[in-house]
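Report on one structure; see the data block that follows.
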Amino acid sequence: MVFKRLLGSLGVGGPTVDTVLAPGASVPGGSLSGRVHLKGGGGDFTVEQITLELVARVEAEHEQGESEGVVVFDRFVVGGGFRLTEGAEHSVPFSVALPWETPVTELYGQRLGIVLGVRTELSVAGAKDRGDLDQLAVGPLPAQEAILEAFGQLGFGFRSADLEYGRIGGTGQSLPFHQEIELTPAPRYAHEVDEIEVTFLATPGAMEVVLEADKRGGLFSSGHDAVTRFTVGHDDVHHQDWNTLVDGWVRQVIEHRSAYGSHAGYGQRRSGFHDHGGFHEDGHRSGPGVGTAVAVGAAGLAVGVVGGMVAAEVVDEVGDFFEGDEGDDASE
């Protein structure tokens, strides 16, 4: 997507900026490239700095319930220090490295309902303007794809995906939020768990896989979760029997839950609005909610392919989010 915006902070006659991302999906830890195209306005301006911000629509749980907001999770200075004369055109290429924990937004070409964006900030003559957002598409790392493929082969189905504000205790998580991919259990586990949540925390050398088994309570029993983590190397993709490995993980996390009940878990998840000024409380949820309203067919991840189509509400809401996001972020 290409956006064009007249710099409101400079008024009529200011320069315009078009940011164009390279086509195709990036991957966590991989490069994000493109160009920032500038066109001079009605006078000469000094472009002091061009900054790209990576932003995410994130959910948070707190005492008042749930809210959604925008979190800036990385910033890159990609240019600046030049004079843009009246009517002149200038193009600035860029290539930056995405954080290894960047959430996955699509799998096998199907969107998961996760909303990420690249926002361009232009500093000109002492004024700043953030412009609009370009949608950022991120595909899985080979190990992430192999693990999700194995879940599908084992009969698990895709339910939804979202971004949760907060950190998972006992892990090496670095971002202020984490992605949860929620799976319906394979038939042989359906009587033991209602849901398996998968979180990937990648680093350059390896990847932590955090599994949470959710068992909601019945009329005479209380529900509880069990959280267990595993580590795999990026080089293990072609040397693993992933179906056997993942099935072993699931058995272990279920046994963990059964053995320790409500006190089970590797660390505790922590959510809220403290510790990060970049999260803005909306106070309400519109429609089905970005990142959770993903409709899939009954096949789910059957044979490793996401079944069904993303809910139309999610696809439509993406454009609304990028157009109407100004002021949601309080990170400065």
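Odds and ends about this structure:
- Failed criterion for SER67 (all others in (1) surrounded by 14 or more Cβ atoms within 10 Å (Cβ to Cβ); (2) closer than 29 Å to HIS178 by Cα; (3) modelled with pLDDT of 90 or more hold): (3)
- Residue tally, condition in a strand (DSSP E or B), of a type outside the set (Asp, Glu) and more than 27 Å from VAL17 (Cα to Cα), over the stretch 59-114: 7
- GLY117 more than 21 Å from ALA202 (Cβ to Cβ), among the small types (Gly, Ala, Ser) and in contact with a helix residue (DSSP H, G or I) (Cβ under 8 Å, 6 or more places away or on another chain): no
- Cross-chain or 6+ apart pairs with Cβ under 7 Å, the stretch 188-206 first and within 12 Å of HIS178 (Cα to Cα) and at pLDDT 95 or above, then outside any strand (DSSP E or B) and of a type outside the set (Gly, Ala, Ser): PHE200/GLN144; LEU201/GLU101; LEU201/THR171; LEU201/GLN173; ALA202/PRO28; ALA202/TRP100; ALA202/GLU101; ALA202/LEU141
- Residue within the stretch 56-63 that is exposed (fewer than 14 other Cβ atoms within 10 Å of the Cβ) and modelled with pLDDT of 95 or more present: no
The values are calculated or read from the model by the stated rules, or taken from the named source; none is laboratory data. Here the structure is a predicted model, which is why all the values come from computation and not from measurement. Every residue, glycine among them, receives a Cβ derived from its backbone with ideal geometry; neighbour counts consider all protein chains shown.
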